[in-house]
Amino acid sequence: MGTRLVVVSTRLPLTLQKTEAGRWVTEKSSGGLASAMNPLLRKTGGIWIGWSGDTGEDDTEERRAVLQDWARKEHSFAIDLPADVASGFYEGYANQTLWPVFHYFVSHLRFDAKGWEAYVQANRIFCGAVVEQYQPGDMIWVHDYQLLLLPQMLREALPDATIGFFLHIPFPSSEVFPVLPRREELLRGLMGADLLAFQTYGHLQQFRSSLLRVLGIESRVAEIPVGGRAIRLEALPIGIAPEEYTEPLARDQTTARYYSEWAARYTGRKVLLAVDRLDYTKGVPERLRAYARLLRPETGLKEKVVLIQIAVPTRERIDTYQDLRSEVNQLVGEINGQFATPDWTPVVYINRSIEREELVALYKLADICWVGPLRDGMNLVSKEYVACKGDGEGVLVLSEFAGAAAEMGEALLINPFDEEQTAAVVARALTMDDQERRDRMRALHGRVTRNNVFRWGNRFLVALEEAASARARYADTRPRRLRMEEIQEAYVRANRRLLILDYEGTLVPVADLPQEAAPPAVVLRILAALASNPKNSVALVSGRRDSDMDRWFGNIEGLWLFAEHGAELKRPGSSWEALRSPIPADWKSSVMPILEHFVDRTPGSFVEERKYSLVWHHRLSEPEFAAWLANELVSMLEAMLAETDFRAVRGPNIVEVKPVWANKVEAFQLVQAAQAQADFLFAAGDDRTDEDLFERMPDSAWTVHVGPGSTRAAFVAPDIGSVRRLLALLANAA
Ligand code: ADQ
């Protein structure tokens with residue numbers, strides 16, 4: 001791997017701490033991510049960019065020296081976030097808006113506009129820091145939900161950069177995701193990446209269906225076509241670095257001491273272990289309540305088991321977390337108060353972080369590891385426990401709502417919301433026979449060891465490299481990003497110009513209802529200015545009726561109007577004429593009943609009747625269902641219309657039945673006949689009918705495709721705004 005890896009995540013593997021004495025010290029964390037990234041960073045001479053965790057207000061020389069050390073010795077570049085940005089970003093939008101919704105806790109959602117602004121601002125600060133460190137050829141790997149806007153920001157700042165994104169938490173269902181304020185911006189923020197990777201295939205699918213529902217962007221299982229390139233999609237479950245757990249077990253003295261002390265203490269009792277950050281997604285109260293059921297007299301388990309619950313405090317400044325802490329304190333108190341005896345405490349509760357040596361000793365000790373999140377992207381605790389069970393002596397009880405469940409079929413799966421069933425499964429784990437226990441654990445152990453975090457990191461980088469080289473190949477051919485100045489220069493040089501413009505989706509957004517979509521004043525001004533230039537022939541082609549076109553554009557002198565996709569034409573200064581006539585009178589009566597049948601089947605859809613065409617609109621319907629029916633409708637109509645002059649075509653959220661001869665190529669040829677020897681040909685459009693035109697125009701033509709999707713156009717404009725800006729530039733050019 002010749003290229004350098006640039007890792008970007010909210011936090012660095014290093015934390016800046018101010019001691020009581022006022023000195024700045026560095027704390028190193030040895031999380032799974034750090035152990036995965038470090039070898040890759042070493043191998044590629046890469047760097048890590050993240051937040052220092054601090055505001056940088058106390059900008060002393062000593063502090064700066066510590067951070068310079070990080071950069072020099074650890075290749076870690078720390079970003080400072082101003083206090084208000086940090087809290088609005090971290091405690092605000094990231095952890096009180098995104099975190100709950102992505103984990104299906106919609107009722108915990110808190111939102112305010114300030115938090116959102118801070119989130120945008122923080123992403124911008126990250127972007128600036130990456131741009132500052134960036135060297136051409138680098139591979140940028142962005143991590144997690146705090147940085148959802150970063151890929152697109154980076155793409156705009158560094159158009160040729162290789163950008164990958166990994167989401168560590170679940171992607172929620174498309175029923176839940178749209179609950180989020182600023183959902184469109186979030187999805188657009190991701191669109192700058194070359195690769196988007198998720199923990200599970202399920203999350204990937206949910207992302208795709210949210211993308212369709214929220215932005216109307218269609219995708220395939222492995223990629224999303226966007227404006228002249230494709231974003232690759234992958235499901236890459238994260239793993240752990242098994243040696244970080246097995247090594248201390250094999251060699252470390254402290255670990256061995258802890259283990260033998262505790263093994264002696266708990267002789268004769270089964271140890272149930274739970275290790276979580278104290279987060280409401282982790283199901284700690286649910287576990288405690290299920291455990292209380294397990295201790296009821298009829299199970300006979302009283303005094304025979306002990307639950308060691310380790311809960312690391314996190315996000316303590318947020319109310320919900322404080323409430324959770326009180327709830328857990330109370331439950332632990334109740335259970336111990338109700339069941340304890342002078343020589344037995346049913347729950348050992350540790351509400352702080354513990355050392356690796358202690359954690360590993362506990363993993364080895366535990367007969368059962370009880371992993372019960374209500375929702376979790378992956379869950380590494382389940383994998384760490386399994387890594388420590390090379391001897392097969394342990395049972396993993398695992399929530400089916402952890403991403404890990406997709407890979408760990410040999411665990412005993414629970415629905416943590418069902419406390420009765422959970423207690424029964426744990427009881428079964430306690431009595432499982434030796435053979436079954438070992439068989440299950442060995443299968444799990446083999447997989448956790450093989451699918452480790454190093455393999456995960458490599459798979460991500462291989463996929464990212466492939467995605468980026470596919471984009472580079474694509475960029476070498478066509479289309480290119482819109483180059484306004486280049487087009488402007490050619491326009492200024494030319495003497496006879498022909499511009500053919502699509503309307504909806506190109507100059508104005510596609511409207512939900514056909515009666516909407518009137519042009520704003522700015523569009524009228526641009527069209528009038530272009531059409532009034534004696535060197536120009538400007539044609540506007542729309543699917544609209546002649547009456548709409550007249551009402552909206554009738555006053556603009558010199559403009560060619562085509563209504564109903566070119567079935568009707570109005571030359572400058574004359575009146576409407578049909579391109580062909582007569583057309584068979586009965587065609588609508590045979591097509592209409594079929595469309596009506598589809599309206600009945602698809603709530604929210606409706607038929608629009610025009611003079612020359614019939615249109616089935618399904619923009620307001622459930623997108624996946626409607627897309628499926630649209631395909632069915634088209635194939636049905638194709639068979640029916642095969643021998644006629646009519647065709648059924650799919651457009652953005654529509655199926656349209658119209659005459660074959662009503663098309664942009666014919667429209668173009670008509671204008672061209674009037675503007676012979678044009679030395680500047682220009683076309684802009686966003687849909688399939690525009691593609692036919694782009695293909696038929698000569699290579700010298702300036703063809704512009706608007707928005708996402710693959711295209712034959714020479715240029716891609718990201719959105720309607722940029723087309724308007726370009727046309728305004730031309731309209732004002734000398
Ligand atoms: P987390 O929500 O933090 O991670 P998890 O995957 O379980 O959840 O990782 C927690 C880590 O913290 C584990 O490595 C564990 O050993 C450690 N830990 C927990 N309690 C501890 C304690 N008391 N003392 C010391 N260490 C403790 C997010 C997502 C997950 C996803 C990971 C990685 O929410 O779903 O698996 O990222 O992608």
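The values are calculated or read from the model by the stated rules, or taken from the named source; none is laboratory data. The shown structure was predicted, so the numbers you read here are calculated from the model rather than taken from an experiment. Because the Cβ atoms are built from the backbone with ideal geometry, glycine has one as well, and the counts that use them run over all protein chains shown. In case anyone asks, the SASA skips ligands and DNA or RNA and just uses the protein heavy atoms, side chains included. Shrake-Rupley method; radii C 1.70, N 1.55, O 1.52, S 1.80 Å.
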Next on the checklist: Can you compute 3J(HN,Hα) from phi for each residue in the stretch 660-667, using the Karplus curve 6.51 cos²θ - 1.76 cosθ + 1.60 with θ = phi - 60°, rounded to whole Hz and x for Gly and Pro?
Outcome noted: 4, 7, 7, 8, 6, 5, 5, 4
Checklist outcome for this item: Quick calc: nm separation of the 7 Å Cα→Cβ label points for Glu643 and Gln669 -> 2.6
Checklist outcome for this item: Each label sits 7 Å from Cα toward the beta-carbon; between Leu620 and Gln338 the label points are separated, in nm, by 5.3
Checklist outcome for this item: Once Lys and Arg are counted +1 and Asp and Glu -1 for all other residues with Cβ under 12 Å from that of Lys389, the total becomes +1
Checklist entry - Tell me, what is the per residue accessible area of the stretch 273-355 in Å², probe radius 1.4 Å? => result 45
Next on the checklist: Looking only at the chain, where both bridge partners belong to it, what percent of the DSSP beta bridges are antiparallel (to the nearest 5)?
Outcome noted: 30
Checklist entry - What GluC sites (Glu not before Pro) in the stretch 386-467 are in a loop by DSSP, with at most 14 other Cβ atoms within 10 Å of the Cβ? => result Glu393, Glu400
Item to check | Kirkwood hydrodynamic radius (C-alpha pairs) into Stokes-Einstein, the stretch 5-235, 37 °C and 0.692 mPa s, D in µm²/s | outcome: 179
Next on the checklist: To check you understand DSSP bridge types, tell me what percent of the beta bridges within the stretch 452-571 (both residues inside) are antiparallel, rounded to 5.
Outcome noted: 20
Checklist entry - So how far, in whole Å, is the C-alpha centre of the stretch 238-300 from the one of the stretch 13-76? => result 31
Checklist entry - Excluding same-chain residues fewer than 8 positions from Lys28, which aspartates and glutamates have a Cα within less than 14 Å of its Cα? => result Asp69, Glu74, Glu355
Checklist entry - So what is the 222 nm mean residue ellipticity for the chain from helices alone, if each DSSP H run of at least 4 adds -39500 (n - 2.57) and you divide by all residues, rounding to the nearest 500 deg cm²/dmol? => result -13000 deg cm²/dmol
Item to check | Given charges at Cβ of Lys, Arg, Asp, Glu: the chain dipole, positive-most of Pro39, Val25, Gln338 | outcome: Pro39
Next on the checklist: If you wrap a convex hull around the alpha carbons of the chain, what volume per residue comes out, as a whole number of Å³?
Outcome noted: 192
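Please state the relative contact order of the stretch 5-235 as a whole percent: Cα pairs under 8 Å, 6+ residues apart?
Taking the mean separation of contacting Cα pairs over the length of the stretch 5-235, I get 16 percent.
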Checklist outcome for this item: Taking Cα atoms only, Rg over Rh for the stretch 210-334 with Rh from the Kirkwood formula is 1.16
Checklist entry - Do you know the relative contact order of the chain, to the nearest whole percent, from alpha carbon pairs under 8 angstrom that are 6+ apart? => result 10
Checklist outcome for this item: For the stretch 587-659, dividing by residue count, accessible area per residue (probe 1.4 Å) in Å² works out to 45
Item to check | Paramagnetic label zone (point 7 Å from Cα along Cα-to-C-beta, Arg496; backbone N under 15 Å) in the stretch 679-705 | outcome: 679-682
Next on the checklist: I'd like to know which of Leu374, Ala470, Asn451 lies farthest towards the positive end of the charge dipole of the stretch 355-473, counting +1 on Cβ of Lys and Arg and -1 on Cβ of Asp and Glu.
Outcome noted: Ala470
Next on the checklist: Computing the accessible area with a 1.4 Å probe over protein heavy atoms, can you report the carbon and sulfur percentage for the stretch 5-235?
Outcome noted: 48
Item to check | Hull volume in cubic angstrom per residue (convex hull over the Cα atoms of the stretch 587-659) | outcome: 72
Next on the checklist: Tell me which GluC sites (Glu not before Pro) from the stretch 273-358 have a DSSP coil assignment and no more than 15 other beta carbons within 10 Å of their own.
Outcome noted: Glu303, Glu316, Glu355
Checklist entry - Of Ala714, Leu196, Ser613, which is farthest along the charge dipole of the chain in the positive direction, counting Lys and Arg as +1 and Asp and Glu as -1 at C-beta? => result Ala714
Checklist outcome for this item: the stretch 612-734 -> Rg/Rh from Cα coords, Kirkwood Rh, value 1.03
Checklist entry - To the nearest 10 degrees, how steep is helix 434-450 against the longest Cα principal axis of the chain, on a 0 to 90 scale? => result 50
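At a 1.4 Å probe radius, carbon and sulfur cover how many percent of the accessible area of the stretch 243-449? All intermediate terms of the calculation are to be shown ahead of the outcome.
Working: 4120 of 8710 Å².
Taking all protein chains in place, the stretch 243-449 shows 47 percent carbon and sulfur surface.
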Checklist outcome for this item: Rounded to the nearest 5, the percent of DSSP beta bridges in the stretch 243-449 running antiparallel is 5
Checklist entry - Of Lys43/Lys282; Lys114/Lys282; Lys535/Lys588; Lys114/Lys383, which pairs sit farther than 31 Å apart, going by alpha carbon to alpha carbon? => result Lys43/Lys282; Lys535/Lys588; Lys114/Lys383
Item to check | Backbone HN-Hα couplings from phi across the stretch 296-308 [Karplus 6.51/-1.76/1.60, Hz, Gly and Pro as x] | outcome: 4, x, 5, 7, x, 9, 3, 6, 9, 10, 9, 9, 9
